[in-house]
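Worksheet: one structure, shown below.
What follows is calculated from the coordinates using simple rules that are stated; it is not laboratory data. Keep in mind that this is a model prediction, so the values were computed, not measured. Note that we place each Cβ from the backbone using ideal geometry, even for glycine, and neighbour counts take in every protein chain shown.
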Amino acid sequence: MKKVVIIGGGGNGLVVAQIVLDLIKAGESIELVGFLNDNIPVGEYIERWPVLGAPHEWESLDGDVSFVYALLSVGKMKVRAEKFKQLNIPQSRLATVVHPSASIGFNVKLGSGVVVAANAVLQPGAKVGDNCFIRANANLGHDVTLDNLVDIGPNSTLCGYAHVGEGVQIAPNSVVRDSVRIGTYSTVAAGAAIFKDVAPGATMLGNPAKRIR
């Protein structure tokens, strides 16, 4: 049985918890053991699951446990990445969880620690780096590439051959044109339409999107 511990808390952590519950209902051999959380004491609960310690205490857990990194805040993707890298969790201990309703095309490559939520579609040839979060109803076109630690919002569409750099956050209902490159740690605001390459660290808003920061 696959044993999973979520690094995080309510919000995104419970999104992952729901995916695990739905996998269990679908017959998958998987168990959510609990959470690692900085702010809630050991022994207390996040919904029905116990807090087992702080994130940096991951090595104290059994070797057959794998982890999903669900810490995520809007506009704080670089902080998120730095915190994850400080944990030094090996790839072999990162769990990838894919909702049973997601559609995964042929030749799709998923990295370690990836979360794919309900009804997401990953078209043939898409490549997803480590610790990416692909939310409900997102659509990754054919041959799209996501580098590590990317967050793709609900109902967003990335057209074929788009390339999204490390730590990018794409908010809900956004559209990225085919072959566009999104620079590292940039932000695409909700509902934005991206037709041109985006510089690293930029914040893009509107249709067509313009840089606002």
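Observations
- Cβ-based exposure ranking for 204, 1, in which fewest neighbours within 10 Å come first: 1, 204
- Entry for the chain at q = 0.17, 0.18 Å⁻¹: log10 I(q)/I(0) = -1.13, -1.23, Debye formula applied to identical alpha-carbon scatterers, no solvent contribution.
- Relative to the current alpha-carbon distance between residue 24 and residue 45, full extension at 0.36 nm per residue lengthens the span by 5.5 nm.
- Seen from residue 81, the other residues with C-beta closer than 14 Å to its C-beta sum to a net charge of 0, counting Lys and Arg as +1 and Asp and Glu as -1.
- Rotationally averaged projected area of the range 1-117 (alpha carbon convex hull; nm²): 7.7
- Descending semi-axes in whole angstrom, ellipsoid equivalent of the range 133-213, from the Cα gyration tensor: 15, 13, 12
- Restriction of the trypsin sites (Lys or Arg not before Pro) in the range 1-85 to DSSP coil positions whose beta-carbon has at most 12 other beta-carbons within 10 angstrom yields 48.
- Across all directions, the shadow cast by the convex hull of the range 52-158 built on its C-alpha atoms averages 6.9 square nanometres.
- When only alpha carbons are used to place a centre, the range 97-137 and the range 1-76 end up 19 Å from one another.
- Local electrostatic count, residue 180, Cβ distance below 9 Å [Lys/Arg +1, Asp/Glu -1]: +1
- Beta bridges by DSSP in the range 2-91, antiparallel share as percent, to the nearest 5: 15
- Temperature 25 °C, viscosity 0.890 mPa s: under these conditions the Stokes-Einstein estimate for the range 51-110, based on its Kirkwood radius over C-alpha pairs, is 177 µm² per second.
- With neighbours defined as other Cβ atoms within 10 Å of a residue's Cβ, the residues 35, 67 order from fewest to most as 67, 35.
- In the range 1-70, the alpha-carbon atoms span a convex hull of 73 Å³ per residue.
- Here the simple spin-label model places points 7 Å from the Cα toward Cβ, and for residue 118 and residue 91 these points are separated by 3.2 nm.
- Using the Cβ of residue 171 as centre and a radius below 12 Å, the other residues enclosed give a net charge of 0, where K and R count +1 and D and E count -1.
- Neighbour-count ranking [beta-carbon atoms within 10 angstrom, fewest first] of 30, 212: 212, 30
- Full-stretch length increase - residue 197, residue 60 - with 0.36 nm per residue and alpha-carbon distance subtracted: 45.0 nm
- In the chain, lysine pairs closer than 15 Å at Cα, eight or more apart or cross-chain: 4
- DSSP beta bridge pairing in the chain, given as percent antiparallel to the nearest 5: 10
- Taken over the range 82-127, the ratio of Cα radius of gyration to 2.2 N^0.38 Å equals 1.32.
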